[in-house]
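The values are calculated or read from the model by the stated rules, or taken from the named source; none is laboratory data. The model shown is predicted, which means the values in this text are computed figures rather than measured ones. Positions of Cβ are generated from backbone atoms using ideal geometry, with glycine treated the same way; all protein chains shown enter the neighbour counts.
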Amino acid sequence: MKIMRAIASLGAAAVLLTGCGGGGAGTTVEKAPSGQPIQGTNLTYDPNKLVNDGKPIELEWWMWDGDKQFQAFADSYQELHPNVTIKTVNQPWEAYWTKLPLQLQSGKGPALFNIHNSYDATLSPYLESYDVDLAALEKDYNGAAAHVVDEKVKYIDYGIMTGLIWYNKAMWAEAGLTEKDYPKNWEDFRGIAQKLTKRDGDTIKQAGFNFNAAYNSLGFLQYQNGYNLMAEDAVTPALDNPGTLQNMQYFLDLYNVDKVGSKDFGPKAIESFGKGQSAMIYEWGHLHGTLDKNYPSIDYGTFQTPVPDANETPYAFDRYNGESTPGINAGADEAQKAIAQDFMNFFLTDKEDMKNLVLNYSLAPSYKVLADDPDIAANPVVQALGSLDRYIWPGPMPATFETSITKAWEDVVYNGVDPKSAIAGAQKTIASDLAKSGFTSAEPGYAHYAPSPR
Amino acid sequence: MTLTTRPKADKRPPEKNNVIPRKPRSRKRGNAGERTLRNTVIIVIGASLLLLTAYPIGLAFVGSFHYWNPLSGAFDFIGLENYTDLLSSGEFWSSLLRTGVFSVVVIFFRVALGLAIAVAIFSNLTRGKAIFRTIFYMPTVTPLVAVAYIWQMMYNPQTGAINTFFGLDINWLYDPNFALPSIIGMTIWKDFGYAVILFLAGLHSIPEDALEAASVDGANAWQRFWSITLPLLAPMTVFVVITSIISYLQAFVQVLVLTQGGPGTSTQLISYLIYEQAFVKYDFGYASAAAFVLLIFTALLTLISFRLSAGRKNSLEG
Amino acid sequence: MRTRIASGVLTSLLAMIGIVTVFPFLWMVLSAFKPNSEINAAEQNFLPQSWTFENFLSIQENFDFLRLFGNSVFLSVTITAIVLYTSALAGFVIAKYEFRGRGLLFGFTVGTMMIPWAVTIIPRYTMFVDAGLQDNYLSIIVPAAISGFGIFMMRQNMHAVPDEVLEAARIDGASEIRIFHRIVLPMSTNAIAALAIFQFLWVWDDYLWPYLMINDNANQVLAVGLTTFAGQYGTDYGGLFAATTISILPVIVVYIIFQRRFIAGVASAAVK
């Protein structure tokens, strides 16, 4: 009986331990704020009003990253409307995409949630359209018009992201390199990578270039060779092409022939770069936020991804993708939806917080008033992007593209599968997954669109 | 250990001379208090079985014949398609085979190590038994997720403890020749202590006179171990093997944390495949079909182990 | 003399295996006191070159570690207590009462042990979501409350309770429930201790179900929290080491407390 009593008291202690906490609902507001400046240019937000009749209300906002930057929006909004509590819930990427769709399907889920357009087809049925002045929105935001369907918009892009080469400044200097040495073509890149490599006999001490576990971004550089992802009909995947193979072969040669890195050195490129083991990696702009948060001591620079021939403009430098604004849950209750709508109006006109968000992910901002902002113009990543004109958008590419390509690269790099059959296998998986979800590529909308060479 | 109920004769309280029952009553019917208690237990267990096991199994079974995607709300009858897709998929069979290899190797080492260490600790020659008992059980009481993270860092080819300590240069989790063995190694480390404790318990319950009689007969320690200790530990071995089969066929967390099934699919175990189909691709129907095939394998293997142990017992007794 | 040598050899052999077993723990605990720069350095040292408590402080700050820890303790203790009681009661009834369908009931209950989570998790998931029990601890507690393994173990153990004792109590007019509480339970402490450790560990270790059922990070359990932490601060190894170190402690303490009874309890339950 002693045991039972011990357990009972432990249980009681545990209840006491966990019973507290939580709560923190907003306070009732009697009078609408007054004298607050109206923000925005064409699309505007007037904070001088009561929301939810001043009664306390709480809503959740889910995200997989950038919690600090998104929290700033929520904080600014709550300052204007203290009766509102916006609770941000941050989950890792995999968990986010496991749970959010199931939540939404069950008619629950957060009132606000961040969107990645690779899940467009999954989320779309659960999204409420923004209650905004569409004409003003289109005037203020680049590319907003592309998201308008039947005079309705469910989310837009707040910025554009793409891939770049990131280098460790200390290693760069140590190898006697300066800013003039940024390689323009892949041949020069090979030489620079060799200069940045340190070996002790056969053992690598410092990798000149590391692409381990970066296949989901690296695997799509076939555009540089003039090849699209999809066939001309825009619905049949066609990544089993010479351009994809050529691209893969180049990187394999960097490891196998030039020995500037190894599949076994720093199994995750980002981590290895952050630990100061690898001198260069290829990654998308979001790395900026990751590095600042997790590896504050690494001093890094960026330059535009090289091309096959520096004297010739490639078909496209790379693909790009839009970072989406939060979505409103159509299944949330009316009061919450009203707040969410009001909040989105605020979000889209909150210049200061938007600027920090854009900087955190190294985005080319979609909000036009930020285009000339000196801090954003000075951001090395935004500078490196150059003109977006020669970047292509494949559309809201379903997740299977990246996961299948990653599997194919892993099979080639680690399991000794030959590139041709690995890519053919990936194409087969993608085709069978697309058969269930359906996807039409936006490639034909590219200004310089040309069908893949035969 | 056996799952059948004991013969009813066992239950009869032996009559004792000094206890005279005031009123003879049938134990079969029982009194009112007994009935209430009995009925409560039956109802609670029955309800829980129906609601939390029978109903979900039924639903999963029906679902396995459908294209079942909770997101689109699809629940369309497609007959045996999930099963034919599954059984014709190379990925499924290789995952199943891999799960078999994984389970056999881990169970072998778990039993062998567990038995050897338990016997060693049990021996009168060993000092500091309590310390060893604690040490060997420590990995077992550590959450698997935590263990997986520790080992992931130990397996890092550049900064990990294993390569640093042994002067090796192996990319444990990314080399297809080492990835699955790495997961197996970690699982053995985590779980062998469980077998140590169970075998220790088994050793403690061996009647001392059996061993004493044998030493009087002139049997040496080795003979005593083979002819008396080991056969008496047979039920415990069966218990360890069966609980291990059940849990290793479902192993999943170590793969999720360490490799996500990679590189390629070289560490994809069957439960991880089910998890991916269900909660990443939302193909509940296909996942349910795979789960049923797994259930059949689990049941078969469990049954075989029971049969084998029963057969051995008979041959020992007869 | 011979036994002396044999004893030395055996003990040192065990000690060697013991060191291999403990090494990852030592490495983890020591690393928890290293700054991240040292953990990530190319040159690795077993002992921290400069000791720091920063990791322990930062996990609390970034992660509200104590909260998750408390959640896990609460759930583990509650479920363990419930399972102990239901298993002991069911084990008692099945072992000591005779009734029609007893074998069937026992067989089915034990059979549930064999069913892979993969079979039931999808329908259970839809069931609990439909019942509106997401983000509610009931969704974690209810499915765990009746344990096939627990009932099996306690039933085996009940054979150790002599029927004469029960009869004598009945003759003294004790009610069945009183007999269970006052006689059966105290006579089963070893088995209860053993089951307590098994059960506590399972709940403490459980990952997938709480991960699916609990969305609110503040109410999450530790095992899931660790993966969240790794996902968000993936590279804060110092923090991860510190979090892991603390997450192991309670289970080890529980084990050390119950150790002696545990082994005796396992013996009484698993061996016929």
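Miscellaneous remarks
- Number of positions in the stretch A:102-152 that are in a helix (DSSP H, G or I), of a type in the set (D, E, K, R) and in contact (Cβ under 8 Å) with a residue 40 or more places away in the chain: 3
- On the stretch given as the stretch C:208-233, residues that are over 17 Å from residue A:62 (Cα atoms) and either surrounded by fewer than 20 Cβ atoms within 10 Å (Cβ to Cβ) or in contact (Cβ under 8 Å) with a residue 40 or more places away in the chain (or both) total 7.
- Whenever a residue of the stretch C:174-186 is touching a residue at least 24 places away in the same chain (Cβ under 8 Å), its partners that are aromatic (Phe, Trp, Tyr), lying with C-beta atoms within less than 6 angstrom and at least six residues away or across chains, give the pairs C:180/C:92; C:184/C:92.
- Of all residues in the stretch A:414-447 being over 25 Å from the mean Cα position of the chain (by Cα) and surrounded by 16 or more Cβ atoms within 10 Å (Cβ to Cβ), the one that is farthest from the other protein chains (Cβ to nearest Cβ): A:419
- Qualifying positions in the stretch B:152-183 - closer than 18 Å to residue A:277 by Cα, more than 11 Å from chain A (Cβ to nearest Cβ) and over 31 Å from the mean Cα position of the chain (by Cα): B:164
- Condition check for residue C:224: at pLDDT 85 or above and within 11 Å of chain A (Cβ to nearest Cβ): yes
- Checked across the stretch C:112-130, the condition of being more than 9 Å from every other protein chain (Cβ to nearest Cβ) and aromatic (Phe, Trp, Tyr) holds for at least one residue.
- Of the set (1) surrounded by fewer than 19 Cβ atoms within 10 Å (Cβ to Cβ); (2) at pLDDT 95 or above; (3) of a type in the set (D, E, K, R); (4) touching a helix residue (DSSP H, G or I) at 6+ places or on another chain (Cβ under 8 Å), all apply to residue A:151 but (2).
- Residue in the stretch A:389-411 that is farther than 27 Å from residue B:263 by Cβ, more than 14 Å from chain B (Cβ to nearest Cβ) and surrounded by fewer than 17 Cβ atoms within 10 Å (Cβ to Cβ) present: yes
- Within the stretch A:239-261, the set of residues being part of a loop (DSSP other than H, G, I, E, B) and either outside the structural domain of residue A:417 (by TED's automatic domain parsing) or surrounded by 22 or more Cβ atoms within 10 Å (Cβ to Cβ) (or both) comprises A:239, A:260, A:261.
- Condition broken by residue C:146, with the remaining ones in (1) among the β-branched types (Val, Ile, Thr); (2) outside any loop (DSSP other than H, G, I, E, B); (3) crowded, with 21+ Cβ neighbours inside 10 Å satisfied: (2)
- Taken together, the residues in the stretch B:131-156 that are assigned to a loop (DSSP other than H, G, I, E, B) and farther than 18 Å from residue C:241 by Cα amount to 0.
- Residue match in the stretch B:209-217 (condition: in contact with a helix residue (DSSP H, G or I) (Cβ under 6 Å, 6 or more places away or on another chain) and either surrounded by 20 or more Cβ atoms within 10 Å (Cβ to Cβ) or of a type in the set (Ser, Thr, Tyr) (or both)): no
- Residue in the stretch A:50-71 that is crowded, with 19+ Cβ neighbours inside 10 Å, part of a strand (DSSP E or B), in contact with a Gly (Cβ under 6 Å, 6 or more places away or on another chain) and more than 13 Å from every other protein chain (Cβ to nearest Cβ) present: no
- Here residue C:103 clears all of (1) modelled with pLDDT under 95; (2) more than 8 Å from chain B (Cβ to nearest Cβ); (3) over 15 Å from the mean Cα position of the chain (by Cα) except the condition numbered (2).
- For the stretch A:275-294, a residue qualifies if it is of a type in the set (A, V, I, L, M) and crowded, with 23+ Cβ neighbours inside 10 Å, and the qualifying residues are A:279, A:280, A:281, A:287.
- Residue satisfying all of: in the stretch C:208-242; assigned to a loop (DSSP other than H, G, I, E, B) and in contact with a Pro (Cβ under 8 Å, 6 or more places away or on another chain); farthest from residue C:82 (Cα to Cα) among these: C:220
- The set of residues from the stretch B:99-112 being of a type outside the set (A, V, I, L, M, F, W, C) and either within 7 Å of chain C (Cβ to nearest Cβ) or crowded, with 20+ Cβ neighbours inside 10 Å (or both) comprises B:99, B:103, B:110.
- Total residues in the stretch C:153-179 satisfying the condition of being at the interface with chain B (Cβ under 8 Å from one of its Cβ atoms), crowded, with 19+ Cβ neighbours inside 10 Å and under 30 Å from the mean Cα position of the chain (by Cα): the figure is 1.
- Of note, residue B:30 does not satisfy the criterion of being at positive phi and at pLDDT 90 or above.
- Per the listing B:125, B:115, the residue uniquely assigned to a loop (DSSP other than H, G, I, E, B) and either surrounded by fewer than 20 Cβ atoms within 10 Å (Cβ to Cβ) or not β-branched (Val, Ile, Thr) (or both) is B:125.
- Which listed residue is over 30 Å from residue A:122 (Cβ atoms) and in contact (Cβ under 8 Å) with a residue 24 or more places away in the chain, from A:450, A:377: A:450
- Between B:166, B:136, B:92, B:77, the distinction of being surrounded by 17 or more Cβ atoms within 10 Å (Cβ to Cβ) and more than 20 Å from residue B:271 (Cβ to Cβ) belongs to B:136 only.
- Filter pass, residue C:183 being in a helix (DSSP H, G or I) and over 19 Å from the mean Cα position of the chain (by Cα): yes
- Residue in the stretch C:57-78 that is more than 14 Å from chain A (Cβ to nearest Cβ), touching a residue at least 60 places away in the same chain (Cβ under 8 Å), touching a Gly at 6+ places or on another chain (Cβ under 7 Å) and part of a helix (DSSP H, G or I) present: yes
- Search result, residues across the stretch C:87-100 that are within 8 Å of another protein chain (Cβ to nearest Cβ) and buried (at least 21 other Cβ atoms within 10 Å of the Cβ): C:89, C:90, C:93, C:94, C:96
- Residues of the stretch A:72-100 that are within 14 Å of chain C (Cβ to nearest Cβ), among the charged types (D, E, K, R) and assigned to a helix (DSSP H, G or I): A:94, A:99.
- Helices (runs of 4 or more DSSP H) wholly inside the stretch B:216-318 that include at least 1 residues being among the β-branched types (Val, Ile, Thr) and away from chain A (no Cβ under 14 Å): B:234-248, B:270-279, B:284-317
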